Amino acid sequence: MRIRDNSPPPASFQLAPMIDIVFLLLIFFLVTYQITEQEKDLEVSVPTTTEGSQEARVANEIVVNLTAEGVITISGEVYTKDELRKKLERIVKASELANAGGADQQPVRIRADREGKNQQLLEVLDEIQKAGIWNIGFATKSPEKK
């Protein structure tokens, strides 16, 4: 009589699924890095502060760039003040529909050029507040160490 061995075969390490996961993570981080770099307008030179803090960016933060000439850009697209307010109003409405913790909590970071006029900055700030957004921050950089 023949006795059968019902024990399972020895477990082995599967390398192919591990490689797939590593490539997916690599693609994810490359894509998200490119998106965050697109939000920055390289023509905007933000002011320096010694007391400012580098806050961590939030996932749904909107970055509004304001050049010295008064050009408003978001993710490389140019907006007028009215178009900016309308875009932000649409975002607030979508946030309210999604019930994402209150639309007034939508974070907006303003990257204003240090050579720009205060009047232009305050007009952009007014348009953001008219859209119903109150969570507003300003981008600065630390002074270069000598």
Query raised in the report: S142 passes all but one of (1) at pLDDT 90 or above; (2) loosely packed, with under 14 Cβ neighbours inside 10 Å; which number fails?
Result: (1)
Query - Where A16 falls short, out of the listed (1) at pLDDT 80 or above; (2) within 30 Å of A139 (Cα to Cα) - result: (2)
Report task. Quick one: in segment 87-107, of everything that is touching a strand residue (DSSP E or B) at 6+ places or on another chain (Cβ under 9 Å) and modelled with pLDDT of 90 or more, which residue is surrounded by the most Cβ atoms within 10 Å (Cβ to Cβ)? Result -> L88
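The values are calculated or read from the model by the stated rules, or taken from the named source; none is laboratory data. Source: prediction; values computed, not measured. Don't worry about glycine lacking a Cβ; one is built from the backbone with ideal geometry, like all the others, and counts go over all protein chains shown.
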